[in-house]
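Novice: Quick one: the structure is below, questions incoming.
The values are calculated or read from the model by the stated rules, or taken from the named source; none is laboratory data. Remember, predicted model here, so these are calculated numbers, not experimental data. Cβ atoms come from the backbone with ideal geometry, glycine included; neighbour counts cover every protein chain shown.
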Amino acid sequence: MEEVVRARGHEHVRAEHASTFELTTDGWLTPAGDCILAVEADSTPAEFDDEFVAACRDAEATITATFEAAGVEDVVTGRGHPELTFTGDRSLVGRTSEYVDGRTVMVDADGAAADLDRKLVTALSRGAPLTATFRVE
């Protein structure tokens with residue numbers, strides 16, 4: 001089961017945050033947003049399919065985020081959590097911790113923004129379109 005989110009990079013993408021990654025529906029980004037990978041996301045957790053959300057609420061679920069831009073791909077794997085609400089209507093966040101809020105789409109991720117392939121980050125900082133595919137098993 002999967003959800004696909006399309007967004008675009010931005011000149012201020014730095015992807016230096018050590019514990020999270022984020023996609024936002026906002027059309028802008030300040031240099032302080034060091035976890036944000038892309039702007040103008042076309043979907044948010046609140047819009048994800050109910051069946052996908054239910055599957056992500058299983059603590060044993062494996063959630064994989066595949067990021068692709070300008071021919072470069074990177075993957076982050078995390079897990080589900082019973083307290084995931086998927087109510088965020090502005091952005092989505094993957095976390096290396098177990099912290100959960102309405103924007104959280106995975107916890108215990110094996111990577112964050114700072115861990116992503118720097119070629120991918122460079123493409124995003126040049127405004128490349130991003131496809132983020134979230135799969136739950």
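Novice: Return the residues of the range 18-47 that are in contact (Cβ under 8 Å) with a residue 40 or more places away in the chain, buried (at least 19 other Cβ atoms within 10 Å of the Cβ) and not charged (D, E, K, R); say none if nothing qualifies.
Specialist: T20, F21, L23, T24, C35, I36, L37, A38, A41, T44, P45
Novice: Test of understanding: among L84, L124, which residue is surrounded by 18 or more Cβ atoms within 10 Å (Cβ to Cβ), at pLDDT 95 or above, in contact with a helix residue (DSSP H, G or I) (Cβ under 6 Å, 6 or more places away or on another chain) and not in a strand (DSSP E or B)?
Specialist: The match here is L84.
Novice: Tell me the residue from A65, A15, A7 that is surrounded by 17 or more Cβ atoms within 10 Å (Cβ to Cβ), in contact with a Pro (Cβ under 8 Å, 6 or more places away or on another chain) and either in contact (Cβ under 8 Å) with a residue 24 or more places away in the chain or in a loop (DSSP other than H, G, I, E, B) (or both), please.
Specialist: A7
Novice: Scanning the range 11-42 for residues that are more than 15 Å from the chain's Cα centre (by Cα) and not aliphatic (A, V, I, L, M), which turns out farthest from E98 (Cα to Cα)?
Specialist: In this case the residue turns out to be E11.
Novice: Given the options L37, L92, name the one that is part of a strand (DSSP E or B), touching a Pro at 6+ places or on another chain (Cβ under 7 Å), at pLDDT 95 or above and aliphatic (A, V, I, L, M).
Specialist: Just a single option satisfies the conditions, and that option is L92.
Novice: Name the one entry in G127, G78 that is without any contact (Cβ under 8 Å) to a residue 40 or more places away in the chain and among the small types (G, A, S).
Specialist: On inspection, the qualifying residue turns out to be G78.
Novice: Still on this structure: Answer yes if at least one residue in the range 69-79 is under 15 Å from V105 (Cα atoms), of a type in the set (A, V, I, L, M, F, W, C) and at pLDDT 95 or above, and no otherwise.
Specialist: Looking through the range 69-79, at least one residue is under 15 Å from V105 (Cα atoms), of a type in the set (A, V, I, L, M, F, W, C) and at pLDDT 95 or above.
Novice: In this structure, does F86 turn out to be farther than 20 Å from H12 by Cα and aromatic (F, W, Y)?
Specialist: So F86 fits the description; yes.
Novice: If you don't mind, another one. Please verify whether A61 is more than 14 Å from V4 (Cα to Cα), among the hydrophobic types (A, V, I, L, M, F, W, C) and in contact with a strand residue (DSSP E or B) (Cβ under 8 Å, 6 or more places away or on another chain), treating the condition exactly as stated.
Specialist: yes
Novice: Another one. Looking at the range 52-59, is at least one residue β-branched (V, I, T) and not in a loop (DSSP other than H, G, I, E, B)?
Specialist: Yes: one or more hits.
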